[in-house]
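*Asks:* So that we are looking at the same thing, I have put the structure below in C-alpha cells.
Just so you know, all these numbers are worked out from the coordinates, no wet-lab data involved. As the structure is a prediction and not an experimental result, all values here were calculated from the model. Here the Cβ is made from the backbone with ideal geometry for all residues, glycine too, and neighbour counts use every protein chain on show.
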Amino acid sequence: MADLRNRFTHIFFDADDTLWENEQFFRDAEAQFADLLSDWSAPEGLQRLLWQKQEENIPLFGYGSKTYLIGMTDAAMELCGGTLPEKVYLGIKKIITELTYHEFRLIDGVEKTLQALHGKFELVVATKGDVTEQMAKYRKSGLDRYFHHAEVMENKDEKNYLELAAKHNLAPEQILMVGNSVKSDIVPVINIGGYAINTPHDVIWVHEMMDMPESDRITIVKRIDDIPKILL
C-alpha cells in the first residue's frame, strides 16, 4: 500500500453506497417485484430475468430508477405473455415511485470524514447515472458545503477518468478516487495510473461485481472515516 500523504490536491468521491445508501433500496424493490409477479415466476428466476433486462437496457437508457422501471416492465411483459394486467402495471408504478422517493440515509462516518478533509483538499463528487436523479440526491444530502462541485459522468471507464483528470488539470497519476465499486471506482482508475481507496459496502449491485486487482495503488479501508488517518 502506497503512502498517500502529501501526494494529492483533489479527492474524488463516488456517491451511491459511498456517501449515501442506495443499493439496498433497489434490493427492497426487487423483493416487492418478486411478490407482485409471484403468480408468474419463482423469485430466483424473476431476479435473473430482471438483471438480464437491466443489462440490455443500460447501454440504451443509462443508469437509475427510470431504467429500472423499463427493466421491470420488460420482464413483466415477457412473463405475462406480452400484456400487463392492471394489477401488475399499477404495482410496478408504485414500486418505482417508492424507490425514487425513498428515505435518504448518509453512510455512517461520511460527514465526519468530509469535515476532516474539507479545506485541505479540493473535494469533488464523481458519480454516474441520471443527471437529474443524481443531482437531486446530492442536493438532498446537504453535503454540498464540503464539495467544490459534483460531476455526473457518462460512465466510469478509463476514457471518462482521463477526461475527468484533464478537466481538473491533473495528470492521471494525480487522481485519487474513493468508492465502493471495484468495477467503476477502482479498476479503471488504477488502469490509467491513478490511486483508489475502496470503501466496502455490504450490498453490491450485480452489475458492479468484479474481483479486486492487486496493486500497491489501492488502499482498502473498513470504514469511510478511516480515510483521514491515511491522508492527514
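*Asks:* Among rounded, prolate and oblate, which fits segment 152-232 when a ≥ b ≥ c are the square roots of the eigenvalues of its C-alpha gyration tensor, a/c under 1.5 means rounded, and a/b larger than b/c means prolate? Mind dumping the intermediate values first?
*Replies:* Numbers: a/c = 1.72, a/b = 1.17, b/c = 1.47.
Oblate, since a/c reaches 1.5 and b/c is not below a/b.
*Asks:* Residue farthest toward the positive end of the dipole of the chain, with Cβ of Lys/Arg at +1 and Asp/Glu at -1: which of W40, I107, L231?
*Replies:* L231
*Asks:* Restricting to the chain, compute how many DSSP beta bridges are antiparallel as a %, nearest 5. Display every interim value, and only then the final one.
*Replies:* Details: 1 of 21 bridges.
Antiparallel: roughly 5 percent of the beta bridges in the chain.
*Asks:* Does segment 23-100 come out rounded, prolate or oblate by the C-alpha gyration tensor, with a ≥ b ≥ c the root eigenvalues, rounded set by a/c under 1.5 and, if not, prolate when a/b is larger than b/c and oblate if not?
*Replies:* Because its axes are fairly even, with a/c under 1.5, segment 23-100 counts as rounded.
*Asks:* Under 18 Å between alpha carbons, and skipping anything fewer than 8 positions from K137 in its own chain: which aspartates and glutamates qualify?
*Replies:* Cα-Cα hits under 18 Å: D14, D16, D17, E21, E23, E98, E103, D108, E111, E151, E154.
*Asks:* Sticking with this structure for a sec: Once Lys and Arg get +1 and Asp and Glu get -1 on their Cβ, which of S65, F25, L79 lies farthest toward the positive end of the dipole of segment 23-100?
*Replies:* S65
*Asks:* Still on this model: Let a ≥ b ≥ c be the square roots of the eigenvalues of the Cα gyration tensor of segment 93-232; is it rounded (a/c under 1.5), or, if not, prolate (a/b larger than b/c) or oblate?
*Replies:* Cα axes put segment 93-232 in the rounded bin.
*Asks:* Report the gain in length on full extension from Q52 to E133: 0.36 nm times residue separation, minus Cα-Cα distance, nm rounded to one decimal. Kindly include the intermediate steps, with their values, before the conclusion.
*Replies:* On the way: separation 81, 0.36 × 81 = 29.16 nm, distance 2.29 nm.
Gain on stretching Q52 to E133: 26.9 nm.
*Asks:* Of the peptides 155-161, 137-143, 115-121, how do they stack up when ordered by the mean number of other Cβ atoms within 10 Å, highest first? Mind showing how you got there, number by number?
*Replies:* Values: 155-161: 18.4, 137-143: 16.3, 115-121: 14.1.
Result, highest mean Cβ count within 10 Å first: 155-161, 137-143, 115-121.
*Asks:* A further question on this structure: Counting only helical runs of four or more DSSP H residues, what would the 222 nm mean residue ellipticity of the chain come to if each run contributes -39,500 (n - 2.57) and the total is spread over all its residues?
*Replies:* -13500 deg cm²/dmol
*Asks:* Please give the charge dipole size of the chain, origin at the Cα centre, charges +1 on K and R Cβ atoms and -1 on D and E Cβ atoms. Round to the nearest 20 debye.
*Replies:* 700
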